[in-house]
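Participant: Below: one structure in structure tokens.
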């Protein structure tokens, strides 16, 4: 049963604003390193997509080159994600940044075969999942619990804006540079992120010594996924998001020349949702709004069954995209239920699963739209998202803290 006392308890501390967060040198370092990493990844993906398109003319290979790395995150989540909770997280994060820098430099090598480029893409996606888990585990230690949601909100907003700017900048730079030039630009941004991280993030001496590896990862993942409550919570973080990303993947075939309007409406809605939930709502209101926001994420897309005009569709997409902010209170709840020893791994698994389901949602939407119209497919995916949200709610409400018995470190 849900803990009514916890629901009605007052917030332990006022929610800090973005300015207060940015006055913290260590958070600012994590945030700046994250922003530079997103910018580098966006430019690198755009460069690779352009290179593959020019070389093969294949829309499928081009799409895989730009977004295929998300599928490699699952491998990281199921094998070595326990490194995110090692006793030297700063050293781990810096090492993973070095790997990203080496990968960006390798992609810039002229004449590199496409097979090698795709291999690098998957390898970097694997290590990027570990980078995310380590960074989010550190974030939970750097900021107080009351600041976790605003911190994630600020990162979400920045990631979305950086991705849009990155694609725009990439298109402008390609007028003067080759794709290899974009790879070098991405490498420079990665190097800057590495320098910022190394200069600002300190080692965490409070962590219990652990020896990360496959066994540690599997033990924690088994504890996380074997219980219906945490499993349902992860389901709500992964599947509805992924299905609605699938809806967005059909904007071009649905609206064709007006798809940009729908994409812009989606971005604006996400920005509004993250600002409202992350900055304006208290922890109590975030808990109460999570289910309604998850319904909001999908319900407006049901209007696509009526083949709405572009203005009506844009309003529906704007409202629905605000529902992506449901991720924030669900992540906050997952963090509260997770023992400190495995927070990095659990956050990494959550992030990897969410990214993978976004890829699955886009692939499912594209495959279904081969047989049904885009409007019908969008409606069906939205209905499925609503069903998942409603049916899993009882299990989410019964979620209890994750029990985990860490093994003693080897000597």
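Participant: Of the residues that sit in segment 174-203 and are farther than 27 Å from residue 117 by Cα and assigned to a loop (DSSP other than H, G, I, E, B), which one is modelled with the highest pLDDT?
Facilitator: Among those that are farther than 27 Å from residue 117 by Cα and assigned to a loop (DSSP other than H, G, I, E, B), it is 201.
Participant: Another one. For residue 264, indicate whether it is in contact with a helix residue (DSSP H, G or I) (Cβ under 6 Å, 6 or more places away or on another chain) and modelled with pLDDT under 85.
Facilitator: Values: in contact with a helix residue (DSSP H, G or I) (Cβ under 6 Å, 6 or more places away or on another chain): no; modelled with pLDDT under 85: yes.
In short, no.
Participant: For the structure I just gave you, tell me whether residue 392 is surrounded by 16 or more Cβ atoms within 10 Å (Cβ to Cβ), modelled with pLDDT under 90 and assigned by TED's automatic domain parsing to the domain that holds residue 239.
Facilitator: Judged against the criteria, residue 392 is a match.
Participant: Here is a check on your reading of the model: is residue 342 modelled with pLDDT under 85 and touching a helix residue (DSSP H, G or I) at 6+ places or on another chain (Cβ under 6 Å)? Quick ask: steps written out before the conclusion?
Facilitator: Working: modelled with pLDDT under 85: yes; touching a helix residue (DSSP H, G or I) at 6+ places or on another chain (Cβ under 6 Å): yes.
Yes: the conditions hold for residue 342.
Participant: Filter segment 296-310 down to the residues that are touching a residue at least 24 places away in the same chain (Cβ under 8 Å) and out of contact with any helix residue (DSSP H, G or I) (no Cβ under 6 Å at 6 or more places or on another chain) and list them by number.
Facilitator: The one that is touching a residue at least 24 places away in the same chain (Cβ under 8 Å) and out of contact with any helix residue (DSSP H, G or I) (no Cβ under 6 Å at 6 or more places or on another chain): 299.
Participant: Considering only segment 204-224, I want to know if a residue exists there that is assigned to a helix (DSSP H, G or I), surrounded by 15 or more Cβ atoms within 10 Å (Cβ to Cβ) and modelled with pLDDT of 80 or more.
Facilitator: Let us first name the residues in segment 204-224 that are assigned to a helix (DSSP H, G or I), namely 214-224.
Right, trim to surrounded by 15 or more Cβ atoms within 10 Å (Cβ to Cβ) and you get 216-217, 219-221, 223-224.
From the residues that got through so far, the ones that are modelled with pLDDT of 80 or more too are none.
Looking for residues that are assigned to a helix (DSSP H, G or I), surrounded by 15 or more Cβ atoms within 10 Å (Cβ to Cβ) and modelled with pLDDT of 80 or more, one finds none in segment 204-224, hence no.
Participant: Could you check, for segment 171-178, whether at least one of its residues is crowded, with 22+ Cβ neighbours inside 10 Å and at negative phi? Reasoning before the result, please.
Facilitator: Here is the first cut: in segment 171-178, the ones crowded, with 22+ Cβ neighbours inside 10 Å are none.
The answer is no, given that none of the residues of segment 171-178 is crowded, with 22+ Cβ neighbours inside 10 Å and at negative phi.
Participant: Just to check your reading of the model, which residue among 47, 40, 100, 77 is touching a helix residue (DSSP H, G or I) at 6+ places or on another chain (Cβ under 9 Å), at pLDDT below 85 and assigned by TED's automatic domain parsing to the domain that holds residue 163? Quick ask: steps written out before the conclusion?
Facilitator: Values: 47 fails: at pLDDT below 85; 40 fails: at pLDDT below 85; 100 fails: at pLDDT below 85.
Criteria check complete, one pass: 77.
Participant: Right, something else. Looking at (1) farther than 18 Å from residue 306 by Cβ; (2) more than 22 Å from the chain's Cα centre (by Cα); (3) buried (at least 20 other Cβ atoms within 10 Å of the Cβ), find the lone condition where residue 377 falls short.
Facilitator: (1)
Participant: Another question, if that's okay. Which residue is nearest to the chain's Cα centre (by Cα), if the candidates are limited to segment 72-91 and must be closer than 11 Å to residue 349 by Cα and surrounded by 24 or more Cβ atoms within 10 Å (Cβ to Cβ)?
Facilitator: Of all residues in segment 72-91, those closer than 11 Å to residue 349 by Cα come to 73-82, 84.
Subsequent filtering for residues that are surrounded by 24 or more Cβ atoms within 10 Å (Cβ to Cβ) retains 73, 76-77, 81-82, 84.
Working: 73: 11, 76: 14, 77: 13, 81: 15, 82: 18, 84: 16 Å.
Only one residue fits best here, namely 73.
Participant: Here is a further query. Please specify each residue of segment 164-173 satisfying the condition of being at pLDDT 80 or above and either in a loop (DSSP other than H, G, I, E, B) or over 22 Å from residue 101 (Cβ atoms) (or both).
Facilitator: 172
Residues are listed down the side, and each one gets a yes or a no for (1) touching a residue at least 40 places away in the same chain (Cβ under 8 Å); (2) over 14 Å from residue 51 (Cα atoms):
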{"position": "93", "(1), (2)": "yes, yes"}
{"position": "96", "(1), (2)": "no, yes"}
{"position": "99", "(1), (2)": "no, yes"}
{"position": "115", "(1), (2)": "no, no"}
{"position": "118", "(1), (2)": "yes, no"}
{"position": "130", "(1), (2)": "yes, yes"}
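Participant: Right, residue 135: buried (at least 17 other Cβ atoms within 10 Å of the Cβ) and assigned to a helix (DSSP H, G or I) or not?
Facilitator: On the way: buried (at least 17 other Cβ atoms within 10 Å of the Cβ): yes; assigned to a helix (DSSP H, G or I): yes.
Answer is yes for this residue.
Participant: Are any residues in segment 249-261 touching a helix residue (DSSP H, G or I) at 6+ places or on another chain (Cβ under 6 Å) and either without any contact (Cβ under 8 Å) to a residue 24 or more places away in the chain or assigned to a helix (DSSP H, G or I) (or both), and if so, which ones?
Facilitator: Of all residues in segment 249-261, those touching a helix residue (DSSP H, G or I) at 6+ places or on another chain (Cβ under 6 Å) come to 249-255, 258-259, 261.
Across segment 249-261, the qualifying residues are 251, 252, 253, 254, 255, 258, 259, 261.
Participant: Continuing with the same structure: Taking the options 358, 370, name whichever one is without any contact (Cβ under 8 Å) to a residue 60 or more places away in the chain and closer than 23 Å to residue 256 by Cα.
Facilitator: One residue alone meets the criteria, 370.
Participant: Residue check: is residue 362 under 26 Å from residue 378 (Cα atoms) and crowded, with 23+ Cβ neighbours inside 10 Å? Reasoning before the result, please.
Facilitator: Working: under 26 Å from residue 378 (Cα atoms): yes; crowded, with 23+ Cβ neighbours inside 10 Å: no.
Considered against the rule, which asks whether it is under 26 Å from residue 378 (Cα atoms) and crowded, with 23+ Cβ neighbours inside 10 Å, residue 362 comes out as no.
Participant: Would you point out which residue out of 249, 255 is at pLDDT 75 or above, surrounded by fewer than 22 Cβ atoms within 10 Å (Cβ to Cβ) and not assigned by TED's automatic domain parsing to the domain that holds residue 81? Walk me through it before giving the result.
Facilitator: Working: 249 fails: surrounded by fewer than 22 Cβ atoms within 10 Å (Cβ to Cβ).
Residue meeting the stated conditions: 255.
The values are calculated or read from the model by the stated rules, or taken from the named source; none is laboratory data. Bear in mind that the values here come from a model prediction, so they are computed numbers and not experimental data. Quick reminder, even Gly has a Cβ in these numbers, built from the backbone with ideal geometry, and neighbours come from all protein chains shown.
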